[in-house]
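Here is the structure we will look at, set down as C-alpha cells.
The values are calculated or read from the model by the stated rules, or taken from the named source; none is laboratory data. Fair warning: this is a prediction, and the values are worked out from it, not measured in the lab. All Cβ positions, even for glycine, are placed from backbone atoms using ideal geometry, and neighbour counts span all protein chains on display. Please note that ligands, DNA and RNA were not included when accessible areas were found on the heavy atoms of the full protein model with its side chains. Shrake-Rupley method; radii C 1.70, N 1.55, O 1.52, S 1.80 Å.
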Amino acid sequence: MSYRIEKDTIGEIKVPSDKYWAAQTERSRQNFPVGKEKMPIEVIVAFAELKKAASVANNSLGKLSDNKQEAIAYACDRVINRELDEHFPLVVWQTGSGTQSNMNVNEVVSYVANEYLKEKGIEETVHPNDDVNMSQSSNDTYPTAMHVALLVSVEDQLLPGLMKLKNTFEAQEEEFKSIIKIGRTHLQDATPLTLGQEISGWRYMLEKCEELIEESKKQLRNLAIGGTAVGTGINAHPEFGSRVANELSVQTGYQFVSSPNKFHALTAHDEVVYLHGALKALAADLMKIANDVRWLASGPRAGIAEIEIPANEPGSSIMPGKVNPTQSEMLTMVATQVFGNDAAVGFAASQGNFELNVFKPVILYNTLQSIYLLADGIVTFNDKCAVGIKPIEDNIDRFLNHSLMLVTALNPHIGYEKAAQIAKNAHEKGITLKESAVESGHLTAEQFDEWIKPEDMTESKE
C-alpha cells in the first residue's frame, strides 16, 4: 500500500494515499482499534448536511468566500449522496465528544473541496479547521449532527414501518369483528370478546406509541450549533447558530431551531433519553403483541391454535413438519435489545460533567440501533407474519362454547355466588355449563339459552 505524509499539530503521520482523510482521522484509526461498531453513516450524512449549512451561514456573514462555500457544498453533497462512504473508517469507541468523527468529516470535505477548486483552476484552498469547521466546535457539531440523524431516521425509517403494521391490524380489526372468542386474563379463561376487539388493542398500542414518538421527536429540533466550545459561542457570530438551523431546515425539509440555551445543549442529552423512552415503550408493546401472536398460534394440536400464521421455513432440524413462530421470536429479541439500549442511553446521558457530556457516540449509536432494529423488525413482522394471520374458527368456537366463564352472564339474574356454584359444579363433574345450571335448580334450560349469549357479552349492555 502506498502512503502520503499528512501533518497536524502533533507532527507527521502516514495516511493511505487512496483515502481522503488526513492526520487526525488516521491518528484516531490507529489509537482506537476497539470493536467492530463503526460510526453510523447516518451521522456522517448529518454532519455533511451541517457542514454545508455552516458554509452557507458563514458565507452570508461575510466570513467565507464564494469559491470556498461552493467547493464545501460540492464536497458535502458527495457525502450526502453516499459516494464517499469508504473514507469514514472510525469506530464508535473514540473520544466521547465525537471530535475525531467531526475532524474525519472536516478532512474529507476539505480534500474533496480542494480537488474541486483545483479542477476549476481556482487558487484558493479549503482548510479542514479554518474553513470547514469555521465557527464550530466538535462540542456543538456532534450533538447537532446527532439530533439531525435521529430525527431523519425516525421520520424516514421508523414511522413508515409503524404505520404499515398499524394499517394491517386496522384491516384485521374490521375483518374479524364478528368472530367471537374466549378472552383470557391471568392466562386463565375470561369473558368473551371478538377477535377484532383483541386486535384493536394491538392497533391502539401502536397508535399511542406513534403519539409518544411524535412528541419526543419535537425535542430533537433543538440544535446545539452556535454554542462552540462550552456554550458561550466563542469564535462564532451571534447569528451563526440560527442561520445554520434555518439552512438545515431548508436542506432537509425538517424544521430545526438553534437551542435557546447552548450550555444545556452541550452537556445534557435528555431529549434523546426522552426519544429512547418512547422507543422503549414501542418495544414493550411489540413484545406483548408478538407474544400474543405466538401464544394464539401455539400448537397446532397441543396448544391454543386459535390463529394460523404463515409457515415461512422449517422449524426444526430433527422434527419433520414443525413450524415455529420465528417472526415473533425475532421481534421479541429486537425488543430485548432496545431495553438494553435504553439502559445504556440513560446511564450515558447522566454523565454530563460541567460543560460537556462525553458519552455522545454511545448515546447516538444505541439510539440509532434501536430505531433501525425496530423499523426493520416491524416491517418484517408485518410482511412475513401479521398480514398472514388467519382465524381457526373451529378451535375458537370450541374454546368459547366450553368455557366456564360464560357463567358471568348469569350474575345479574341469579347473583355471583350461585353462578360460581354452577361453574364449580360443571368443572368438577365434567359436564356442560348448561347441564350444571339446570341441575342447580336456579334457572331453566330456556332461561340459560336466553341469558347466556356470547354475542351479547362482547359489549356493554343494560
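Values for this structure:
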read-out: Tyr20, Tyr3, reordered so the largest accessible area comes first (probe 1.4 Å); value: Tyr3, Tyr20
read-out: Helix 41-60 vs. the chain, principal-axis angle (Cα, 0 to 90°, nearest 10); value: 50
read-out: Computed magnitude of the charge dipole of the chain (debye, nearest 20; Cβ of K, R +1, Cβ of D, E -1); value: 1020
read-out: Surface accessible to a 1.4 Å probe, Ile180 within the full protein complex, Å²; value: 40
read-out: Among Ala335, His413, Asn395 the positive-end extreme of the charge dipole of the stretch 318-449 (Cβ point charges); value: Ala335
read-out: Alpha-carbon gyration tensor eigenvalues x 5, square-rooted, for the stretch 127-278, Å; value: 47, 15, 10
read-out: Area of Thr458 that stays accessible when all protein chains are in place (1.4 Å probe, Å², to 10); value: 20
read-out: Accessible area (Å², 1.4 Å probe, nearest 10) - Met330; value: 50
read-out: Ranking by accessible area, most exposed first, for Asp394, Asp131 with a 1.4 Å probe; value: Asp394, Asp131
read-out: Rounded to 10°, Cα long-axis angle of helix 138-153 versus longest principal axis of the chain; value: 40
read-out: Answer label, with P(r) over Cα pairs in 10 Å bins from 0, in percent calculated from the coordinates and candidates [x] 4, 17, 21, 17, 13, 10, 8, 5, 3, 1, 0; [y] 4, 17, 26, 26, 17, 8, 2, 0; [z] 3, 15, 20, 22, 18, 11, 7, 3, 1, 0; value: [x]
read-out: Orientation-averaged projected area, Cα convex hull of the stretch 201-256 (nm²); value: 5.0
read-out: Cβ crowding within 10 Å averaged over residues, with 267-275, 222-230, 25-33, 185-193 ranked highest first; value: 222-230, 267-275, 25-33, 185-193
read-out: C-alpha long axis of helix 270-296 to longest principal axis of the chain, angle in °; value: 30
